[in-house]
1. Quick test for you: out of 80, 18, 106, pick the one residue that is exposed (fewer than 15 other Cβ atoms within 10 Å of the Cβ) and closer than 17 Å to residue 161 by Cβ.
2. Would a scan of region 141-154 turn up a residue that is under 12 Å from the mean Cα position of the chain (by Cα), surrounded by 20 or more Cβ atoms within 10 Å (Cβ to Cβ), modelled with pLDDT of 95 or more and on the phi < 0 side of the Ramachandran plot?
3. Take residue 108 and decide whether it is in contact with a helix residue (DSSP H, G or I) (Cβ under 7 Å, 6 or more places away or on another chain), closer than 19 Å to residue 31 by Cα, in contact (Cβ under 8 Å) with a residue 12 or more places away in the chain and in a helix (DSSP H, G or I).
4. Give me the residue from region 98-129 that is more than 17 Å from residue 35 (Cβ to Cβ) and more than 19 Å from the chain's Cα centre (by Cα) and, out of that set, modelled with the lowest pLDDT.
5. What pairs can you find where one residue is in region 153-172 and closer than 13 Å to residue 123 by Cα, the other is assigned to a loop (DSSP other than H, G, I, E, B) and modelled with pLDDT under 95, and their Cβ atoms are less than 6 Å apart, with a gap of 6+ or different chains?
6. Is there any pair linking a residue in region 73-86 that is farther than 19 Å from residue 107 by Cβ to one that is buried (at least 18 other Cβ atoms within 10 Å of the Cβ), with Cβ under 8 Å and at least six apart or on different chains, and which?
7. Looking at 164, 95, 190, which is the one that is under 25 Å from residue 81 (Cβ atoms) and either modelled with pLDDT under 95 or in contact with a strand residue (DSSP E or B) (Cβ under 7 Å, 6 or more places away or on another chain) (or both)?
């Protein structure tokens, strides 16, 4: 690998880490806000159940995306499309009584974005596209009747981070007729390794 290619790969990798760090900050603040609202109302054990309903799946999928990105990039599109459909359908039909249970579809979309951030460390292009799908679904939901403030506050950052992750996608390289991508793990400056099946 020549110096120019090495610098380009390192630059994209650092950019990817920066996007992940910024998105993590947004997700931490958002999670604190959602959990705070949940424990304020309904509070008690009901709040524990409601919080666990999205925190546990989000945490499990995040670990999955971090450790098994090759498998996660096949599973997370299904999860994302299902949640996006829920957001749009709920906004058009009002299946969930928002005044009683809160913005369920918006919280589901927010929770889905957490593992997508971790997927972005290894598969920034795929993660970026899925974040754009989630953000667009929330934007459509806001127009269709979902709580406009909460949907917009979540949709705008997801669209931004989706575009940023797409911008950090490394270009495909071909060597001997076989497409290769620069390695997504390890500190910048190291030579790319042959990818493990799960890498």
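1. That would be 18, the only listed residue that is exposed (fewer than 15 other Cβ atoms within 10 Å of the Cβ) and closer than 17 Å to residue 161 by Cβ.
2. Among the residues of region 141-154, not one is under 12 Å from the mean Cα position of the chain (by Cα), surrounded by 20 or more Cβ atoms within 10 Å (Cβ to Cβ), modelled with pLDDT of 95 or more and on the phi < 0 side of the Ramachandran plot, which makes the answer no.
3. Spelling it out, residue 108 is indeed in contact with a helix residue (DSSP H, G or I) (Cβ under 7 Å, 6 or more places away or on another chain), closer than 19 Å to residue 31 by Cα, in contact (Cβ under 8 Å) with a residue 12 or more places away in the chain and in a helix (DSSP H, G or I).
4. Narrowing region 98-129 to residues more than 17 Å from residue 35 (Cβ to Cβ): 98-100, 105, 115-129.
From what's left, more than 19 Å from the chain's Cα centre (by Cα): 98-100.
Working: 98: 70, 99: 63, 100: 70.
Residue satisfying both the conditions and the ranking: 99.
5. Final answer for the pair search is 170/181; 170/182.
6. 73/119; 73/123; 73/126; 75/61; 77/126; 77/130
7. Going through 164, 95, 190 in turn, just one is under 25 Å from residue 81 (Cβ atoms) and either modelled with pLDDT under 95 or in contact with a strand residue (DSSP E or B) (Cβ under 7 Å, 6 or more places away or on another chain) (or both): 95.
Per-residue answers, yes or no, for (1) at pLDDT below 95; (2) assigned to a helix (DSSP H, G or I); (3) under 25 Å from residue 151 (Cα atoms):
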| site | (1), (2), (3) |
| --- | --- |
| 4 | yes, yes, no |
| 9 | yes, yes, no |
| 23 | no, yes, yes |
| 28 | no, yes, yes |
| 36 | yes, yes, yes |
| 49 | yes, yes, yes |
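The values are calculated or read from the model by the stated rules, or taken from the named source; none is laboratory data. A quick note: this is a predicted structure, and the numbers were derived from the prediction, not measured. Because the Cβ atoms are built from the backbone with ideal geometry, glycine has one as well, and the counts that use them run over all protein chains shown.
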